[in-house]
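Here the structure is laid out as structure tokens; the discussion comes afterwards.
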Amino acid sequence: MTDSTKESTKEFTLERDCELRFEIESKTQIIVELKSGFAELYGTELVKAKKYTFIQGAKVAIFSYQGCVLVIKGTPDVCYIARETPMIQYLNTHSAIEQMREKADERGTTGPVTLVVGPTDVGKSTLCRILLNYAVRLGHRPIYADIDVGQGSISIPGTICSLLIERPAHIEEGFSQLAPLVIHFGHKAPDFNNELYKICVSTLADITMERLKEDKRTQSSGVIINTCGWVKGQGYQHLLHATKAFKAGIILVLDQERLYNELLRDVDSSVKVVFLPKSGGVVERSQQARAESRDFRIREYFYGSRSPLYPHSIDIKWADMKVYKIGAPSLPDSCMPLGMKAADNMTKPWPIQPGPQLLHHILALSFAENVEQDVLKKNIWGFVCVTNVDVERQTITVLSPQPRPLPNTVMLLSELQFIDSH
Ligand code: ATP
């Protein structure tokens, strides 16, 4: 890391409703300090005189409703003050959701379930983070569900998840990831297996909505759901399916009027569909940046990022493994056994003989002990990555965040790979 923090220290004065945006592309770090006034990062308040460190890859917007002075140490690759932001619209949206929470609390009913949709790179994850932060700052305990399998913000790519939010996101690290509910999908985009994706979303919705009822405060706080940026054709059908599965009462549509009008036409009239502008600060990411971000999330799962983790290397005998892949290559209906459709093929667990083909793949450890239990409806205990396959000894070596023994459960093969360069 170059010590660019010594190079420059600059003060920025933000007027009311303005935001400071910066990006760090190079291998450097930027330290931010709030000198006076009030400011927040995607809904989390900055503490005065506390130093926040941002590293390579950070895309940051620090917004102030009242005005503030910020001190920036270091030289970001991009840095400017924006006067035009959609934050007031986002705050108004939060206020409308808040009123629904209050009503739900009085009546002892389920609070608002909100789906955030829009094409790629419009700030869906960021809007979810802002709304969740505003909710917890008012004492709520909402659930965050993320059904974006490629660029999700909970657990690793290839999964869909939900998480109870009890405190605002950490400025530098985001929401605490304690005990998420994780469902294995095994691919980086829904179109690799649309049938399976639908089942995964229904399963996540069922378990999440059950958990919502376990705590009165959580129930009235409701759910905020982040979705994939695939909004055309089958991707659009997935959004309609998610709306039904989670019984969403609000859909926030970012940026795309066509999608907004299609949803207005197709969802039940009781669902409120709201159009919101995207922030001009949202940064577009290339396919390569998306692949790097997936890789980063898997590395972070095993090795941590700011606080390092020390994963274990564990040998497992092939004979002791129960590896399955959900979905076989599709066959025409005419080739299927009597009474089965090709679609059934895509949602069945198929046994996999351990061997060199597992190298570098992620394996999800299911809570199902055997395949007779419905593995599709079970959540995930954790992940390992295959780092070596020994054909002679008939063993594999896996990287695991947990020491041995690993639970003797079903392992589900993910298409996602991670090359452990440590
Ligand atoms: P995806 O297509 O992957 O689902 P998305 O629509 O969820 O993307 P975000 O992940 O919320 O988009 O935003 C993309 C990037 O833009 C993120 O790195 C985020 O930190 C950054 N970003 C969001 N809002 C702003 C802003 N106001 N100023 C600067 N950067 C921003």
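Rule-based calculations on the coordinates, nothing more; no lab input. Here the structure is a predicted model, which means the values were calculated and not measured. Counting neighbours? That spans all protein chains shown, and the Cβs are built from the backbone with ideal geometry, glycine included.
Quick notes on this structure:
- Residues in the stretch 93-99 carry Karplus couplings, in order, of 4, 4, 4, 5, 5, 4, 4 Hz; the curve used is 6.51 cos²θ - 1.76 cosθ + 1.60 with θ = phi - 60°, and Gly or Pro positions show x.
- Packing-based order for 148-160, 102-114, using average beta carbon neighbours within 10 Å, highest first: 148-160, 102-114
- Gain upon complete extension [Glu392, Asp77; 0.36 nm per residue less C-alpha separation]: 108.3 nm
- Placing unit charges on each Cβ (+1 for Lys and Arg, -1 for Asp and Glu) gives the stretch 120-170 a dipole about its Cα centre, and among Ile156, Ile130, Ala145 the Cα reaching farthest toward its positive end belongs to Ile130.
- Counting DSSP beta bridges with both ends in the chain, the antiparallel % (nearest 5): 75 percent
- Ser307-Asp295 pseudo-label distance in nm [points 7 Å out on the Cα-to-Cβ vector]: 2.7 nm
- Placing +1 on the Cβ of every Lys and Arg and -1 on the Cβ of every Asp and Glu, with no other charges, gives the stretch 103-225 a dipole of roughly 360 debye about its Cα centre.
- Spin-label model distance (nm) - Ser176 vs Gln99, 7 Å beyond Cα toward Cβ: 3.3 nm
- Relative packing of 135-144, 244-253, which averages over residues the other C-beta atoms within 10 Å, highest first: 244-253, 135-144
- In angstrom, the C-alpha Rg and Dmax of the stretch 310-417 are 15.0, 51.
- Based on every Cα atom in the chain, Rg and the maximum pairwise Cα distance Dmax equal 22.7, 73 Å.
- Couplings for the stretch 305-318, taken from phi via the Karplus curve 6.51 cos²θ - 1.76 cosθ + 1.60 with θ = phi - 60°, read 10, 6, 9, x, 10, 10, x, 9, 10, 10, 8, 10, 6, 3 Hz in order; Gly and Pro are left as x.
- All alpha carbon pair distances within the stretch 3-85 were sorted into 10 Å bins beginning at 0; the resulting P(r) in whole percents reads 20, 57, 23, 1.
- Applying 1/(1 + (r/R0)^6) with R0 = 51 Å to the Cβ-Cβ distance of Ser269 and Asn370 gives a FRET efficiency near 0.65.
- If both residues of a DSSP beta bridge must be in the stretch 87-276, then about 35% of such bridges are antiparallel.
- For the listed residue pairs Lys188/Lys247; Lys27/Lys59; Lys59/Lys188, the alpha carbons are over 19 angstrom apart in Lys188/Lys247; Lys59/Lys188.
- Label-point separation, Lys216 to Ala319 (7 Å along Cα→Cβ), nm: 5.7 nm
- Packing-based ranking of 383-390, 84-91 yields 383-390, 84-91, ordered from highest to lowest mean Cβ neighbour count within 10 Å.
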